[in-house]
Amino acid sequence: MTLRVIIAGAGLGGLTLAHGLRRAGMEAAVYERDPAPDSRAQGARFHIDDRGKHALHACLPPAHAELFEATLGHDSRALKVIGDVNGRLELLATNSFDGEDGRPDAVRPGHPVSRQLLRRILLNGMEDHVRFGREFVRFEYLGQGVRAYFADGGHADGDLLVGADGIGSAVRRQLLPHAEVIDTGARWLGGKTPITVEITGTGIIDLIGSSFTITELDDLGMILAAMQFKEPPLSAAARLLPGLEPGEATDFLMWALIPPNDRLGAGFQTLGTTRLWERARELVEPAHPTLRLVVEQAWPEQTLCLPLGASMPVEPWQPSAVTLLGDAIHAMPPNRGSGANTALQDAGRLCRYLVDERPLLDAVATYEEEMRRDGFEAVNASVSAMGEFLLRG
Ligand SMILES: Cc1cc2nc3c(=O)[nH]c(=O)nc-3n(C[C@H](O)[C@H](O)[C@H](O)COP(=O)(O)OP(=O)(O)OC[C@H]3O[C@@H](n4cnc5c(N)ncnc54)[C@H](O)[C@@H]3O)c2cc1C
């Protein structure tokens, strides 16, 4: 009998799992709360390492995986620290990413990947299997399998429900009501700036290369990281997945400010993108002119502000027809570059165990044991090193 899997959440983890299951001949239907694929900014870029790449290669059709590889940025092997030295931005330190051997407390070398482009690659070919505007609200176990209910009053039945619904997971709230997500108190106020001739002319791109870079401004940290596509997305998409509209055509700089909550003022979460961008411009007012220029020349509508949360470890629970992956169970601050990588790793693993012909609950139990071990190890490493964003680690 074909396994029917209901996935709540069309984020990185949920979509990767859906691809893997469908390629193996299983039924996977994804239910996403957002009304449409582009109804909100997806963020700028993230650092993908061997964990995320391995899962994408295992789950995606070959042309999708090839497009993902072709449009990565250049090698990212170190964290750079830069600072204003007598009016010039200079390199102060280079800390290599030495997590090749899998040490959980070290960042693994990898590449920058564009979030918007990766999401479009993941959605390509899944048009009939991803339902937008369907917010999961609760589940009910059936004699065999599970029923998921949605905010629009509809429901879907399956053999397994996977909560891939991110840090505020409604699936987790019902499955593990005692699981806690804490607010680290830090915020990510960030955006994207096209790499124009004017930006290149400041020397900032030569200075940072493809490294994740931090600098200090008064009491907040600033992050910079370039996304320079190895192959332009338009030509790579035309070559490998004709019909895919990559959205992203230009190299860009991701920037973010990490202010403590009280620096943003009340109600920051309800501010629109342009107001957030203006707030970022105010915060960089005292900074070096190049850093001010980067924020000034950003695409205002791509600005976003997120609270940085972390999941508290959860004791093992009884495996059932409902499970969780990614941020829904082990959310973490982004400083160790592990959140997306562990979400993708979960998707790849769960897919592999479900495709193996073992009883469903055995597959879920094996998956959950490994997911808890690696996911919470990554949460611990990220929370312990939180200070590095603020250069106080
Ligand atoms: C600023 C920032 C920078 C980061 N940088 C990195 C990095 O460099 N490297 C790295 O590895 N990680 C990074 N991360 C972490 C990474 O983005 C997340 O860990 C990753 O996106 C988690 O994937 P996911 O699929 O679990 O959840 P998400 O990508 O959050 O997807 C969840 C999906 O579920 C949907 N949803 C929510 N509720 C419901 C509901 N009730 N019903 C239906 N759908 C619902 C959401 O709309 C969303 O589409 C960063 C995170 C942030 C905030």
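The values are calculated or read from the model by the stated rules, or taken from the named source; none is laboratory data. Quantities reported herein were computed from a predicted structural model and do not represent experimental measurements. Note that we place each Cβ from the backbone using ideal geometry, even for glycine, and neighbour counts take in every protein chain shown. Ligands, DNA and RNA are excluded from the accessible area calculation, which covers all protein heavy atoms including side chains. Shrake-Rupley method; radii C 1.70, N 1.55, O 1.52, S 1.80 Å.
Can you tell me which of Gly133, Gly43, Gly87 is touching a residue at least 60 places away in the same chain (Cβ under 8 Å) and within 28 Å of Ser382 (Cα to Cα)? None of the other options fit; the residue is Gly43. Gly168 meets all of the listed conditions (1) open to solvent by 30 Å² or more (accessible area, probe 1.4 Å); (2) within 13 Å of the ligand (Cβ to nearest atom); (3) touching a strand residue (DSSP E or B) at 6+ places or on another chain (Cβ under 7 Å) but one, namely (3). Looking across the stretch 319-337 at every residue that is open to solvent by 10 Å² or more (accessible area, probe 1.4 Å) and within 10 Å of the ligand (Cβ to nearest atom), the one that is nearest to Val5 (Cα to Cα) is identified as Asp327.
One residue stands out among those in the stretch 212-266 that are among the small types (Gly, Ala, Ser) and over 20 Å from Thr303 (Cβ atoms): the one that is farthest from the ligand (Cβ to nearest atom), which is Ala238. Applying the set (1) within 23 Å of the chain's Cα centre (by Cα); (2) of a type outside the set (Lys, Arg); (3) part of a helix (DSSP H, G or I) to Leu291 leaves exactly one unmet item: (1).
Answer yes if at least one residue in the stretch 21-39 is within 9 Å of the ligand (Cβ to nearest atom), of a type in the set (A, V, I, L, M, F, W, C) and open to solvent by 10 Å² or more (accessible area, probe 1.4 Å), and no otherwise. Within the stretch 21-39 (the criterion being within 9 Å of the ligand (Cβ to nearest atom), of a type in the set (A, V, I, L, M, F, W, C) and open to solvent by 10 Å² or more (accessible area, probe 1.4 Å)), the answer is no, since none of the residues qualifies. Candidates in the stretch 244-256 are the residues that are of a type in the set (Gly, Ala, Ser) and in contact (Cβ under 8 Å) with a residue 24 or more places away in the chain; of these, the one that is nearest to Leu308 (Cα to Cα) is Ala256.
Test Val295 against the stated conditions and say whether it is open to solvent by less than 20 Å² (accessible area, probe 1.4 Å) and touching a helix residue (DSSP H, G or I) at 6+ places or on another chain (Cβ under 6 Å). Answer is yes for this residue. Quick one: would you say Asp50 is touching a helix residue (DSSP H, G or I) at 6+ places or on another chain (Cβ under 9 Å), in contact (Cβ under 8 Å) with a residue 24 or more places away in the chain, open to solvent by 60 Å² or more (accessible area, probe 1.4 Å) and closer than 29 Å to Ala287 by Cβ? When the stated conditions are applied, Asp50 does not pass them. In the stretch 130-149, of all residues being within 14 Å of the ligand (Cβ to nearest atom) and part of a loop (DSSP other than H, G, I, E, B), the one that is farthest from Pro242 (Cα to Cα) corresponds to Glu135. Evaluation of Ala340 against the conditions (1) touching a residue at least 60 places away in the same chain (Cβ under 8 Å); (2) out of contact with any Gly (no Cβ under 8 Å at 6 or more places or on another chain); (3) within 24 Å of Met26 (Cβ to Cβ) shows that the sole unmet condition is (2).
Look through the stretch 101-129, keep the residues that are part of a loop (DSSP other than H, G, I, E, B) and aliphatic (A, V, I, L, M), and return whichever of them is nearest to the ligand (Cβ to nearest atom). Filtering first and then ranking leaves Val107. Restricting the stretch 1-17 to residues that are in contact (Cβ under 8 Å) with a residue 24 or more places away in the chain and more than 11 Å from the ligand (Cβ to nearest atom) leaves a set whose member that is least open to solvent (accessible area, probe 1.4 Å) is Val5. Listed by first and then second residue, the pairs with beta-carbon distance under 7 Å, at least 6 apart or on different chains, first residue in the stretch 278-292 and free of Cβ contacts under 8 Å to residues at least 12 places away in the same chain and open to solvent by 20 Å² or more (accessible area, probe 1.4 Å), second aliphatic (A, V, I, L, M) and outside any helix (DSSP H, G or I), are Arg292/Val284. Screening the stretch 257-277 for residues that are in a helix (DSSP H, G or I) and without any contact (Cβ under 8 Å) to a residue 12 or more places away in the chain and picking the one that is surrounded by the most Cβ atoms within 10 Å (Cβ to Cβ) gives Arg275. Given the condition open to solvent by 10 Å² or more (accessible area, probe 1.4 Å), touching a residue at least 60 places away in the same chain (Cβ under 8 Å) and over 30 Å from Leu253 (Cβ atoms), answer yes or no: does some residue in the stretch 101-115 qualify? No; the residues of the stretch 101-115 include none that is open to solvent by 10 Å² or more (accessible area, probe 1.4 Å), touching a residue at least 60 places away in the same chain (Cβ under 8 Å) and over 30 Å from Leu253 (Cβ atoms). Annotation: of all residues in the stretch 57-73 being open to solvent by less than 10 Å² (accessible area, probe 1.4 Å), farther than 26 Å from Leu304 by Cα and touching a residue at least 24 places away in the same chain (Cβ under 8 Å), the one that is farthest from the ligand (Cβ to nearest atom) is Leu67. Report yes if some residue within the stretch 355-365 is within 16 Å of the ligand (Cβ to nearest atom), assigned to a helix (DSSP H, G or I) and open to solvent by less than 10 Å² (accessible area, probe 1.4 Å); otherwise report no. For the stretch 355-365, residues within 16 Å of the ligand (Cβ to nearest atom), assigned to a helix (DSSP H, G or I) and open to solvent by less than 10 Å² (accessible area, probe 1.4 Å): absent.
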